[in-house]
Amino acid sequence: MPYIKTSDNVEIFYQKSGKGKPIIFVHEFAGDHRSWEPQINFFSRYYNCITYSARGYPPSQVPESIEKYSQERAWRDILDVIDKLNIEKAHIIGLSMGGFATLHFGINCPNRALSLTIAGCGYGAKADIKNKNEGFAEESEKNAKDILDNGIEKFGNDYGLGSSRVQFQNKDYNSWKIFNERLINHSQVGSANTLLGVQSKRPNLYELKEKIKKIKVPTLIINGDEDDMCLEVGIYLKRNISSSGLVVVPKTGHTINLEEPALFNQYISNFFQAIENNSWGPRDNRAKIITN
């Protein structure tokens, strides 16, 4: 199995397919490197596609210490994958937890990104910065305790049928069943530590407004219209990243790339084509709403 060793000595499993400009796929909390199969099958015809399992997700290493898990480590793991594979720049595509990592990578390493695709990003972000992400942090800590006390299977079966997951089950039961079966077989320790180290402690995006506004890398934001926790955040990101476009996919929940793979692939394919033709520019100043 191919592995890279991160800058803090954690082994990360990865897979490569295809040739051409590189794409790095960064999965969500409920996924792993296999979550991107519909995208690998399509984009590997034209691009060098790299997908990996985050730390805590076998066959990647599962560190026992919560200190090995953080939002910073998540984006730095993207950088480590790129560095160890001798890639100068790559398109970065992330969903949910991977979308947060992609956004933070764009903030910290814009010179290493050809583009950013930020999908399903928003859980734990609140406009009311007085509350920060306390509710989400408490929920993440509760979920981690549930996993450690009762196992990943029970938690995964409930999590896989959340309010923004049922759309996937309703549209494509067989694909949802594969997704859910993989989820309930994740590492108990890795999943709990990810919730405690990454999810519960992620910084509030509304407090990062000035940093987000500095992103000039071509950016595509994708949300499902029934993924209520992410819709407003998608608009917020659109308004503050001048180089961004926003896609809202109708009648769709959180697991966008699996729930609507053809649409997801088409939007990204069009995005890449616009970049390669130098036609994806910043927002025209005449289109901006001036506010006090």
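If you put +1 on each Lys and Arg Cβ and -1 on each Asp and Glu Cβ, how big is the dipole of the chain around its Cα centre, in Debye rounded to 20?
1100
Report the dimensions of the range 129-230 along its three principal axes from the alpha-carbon atoms, largest first, rounded to Å.
Result, largest extent first: 41, 32, 22 Å.
Normalising by the residue count of the chain, find the relative contact order in percent from Cα pairs under 8 Å and 6+ residues apart.
Dividing the mean separation by the residue count of the chain yields 19 percent.
Please order SER164, SER279, SER7 by the number of other Cβ within 10 Å, starting at the fewest. All intermediate terms of the calculation are to be shown ahead of the outcome.
On the way: SER164 21, SER279 8, SER7 12.
Taking fewest neighbouring Cβ atoms as first place, the list is SER279, SER7, SER164.
R0 = 25 Å: FRET efficiency of GLU11 with ASN108, Cβ-based, nearest 0.05?
E(calc), rounded to 0.05, equals 0.65.
When only alpha-carbon atoms are used, what values of Rg and Dmax, in angstrom, describe the range 3-287?
In Å, with Rg to one decimal and Dmax whole: 17.5, 56.
For the chain, what does the helix formula give at 222 nm: sum of -39500 (n - 2.57) over DSSP H segments with n ≥ 4, over the residue count, nearest 500 deg cm²/dmol?
Using -39500 (n - 2.57) per qualifying helix, the result is -12000 deg cm²/dmol.
How do LEU208, LEU116, LEU196, LEU95 line up, fewest other C-beta atoms within 10 Å first?
Ascending Cβ contact count within 10 Å gives the list LEU208, LEU196, LEU116, LEU95.
List the GluC sites (Glu not before Pro) within the range 1-76 that DSSP assigns to loop and that have no more than 13 neighbouring Cβ atoms inside 10 Å. Mind showing how you got there, number by number?
Details: sites: GLU11, GLU28, GLU64, GLU67, GLU72; in loops: GLU28, GLU64.
Hits after loop and neighbour filter: GLU64.
Given the pairs LYS21/LYS84; LYS5/LYS142; LYS89/LYS211, which span a C-alpha to C-alpha distance of over 24 angstrom in this model?
From LYS21/LYS84; LYS5/LYS142; LYS89/LYS211, over 24 Å: LYS5/LYS142.
Every number here is computed from the coordinates shown, using simple stated rules; none is lab data. Owing to the predicted nature of the structure, the values given are computational and were not obtained by experimental measurement. Every residue, glycine as well, gets a Cβ built from its backbone with ideal geometry; the counts of neighbours run over all protein chains shown.
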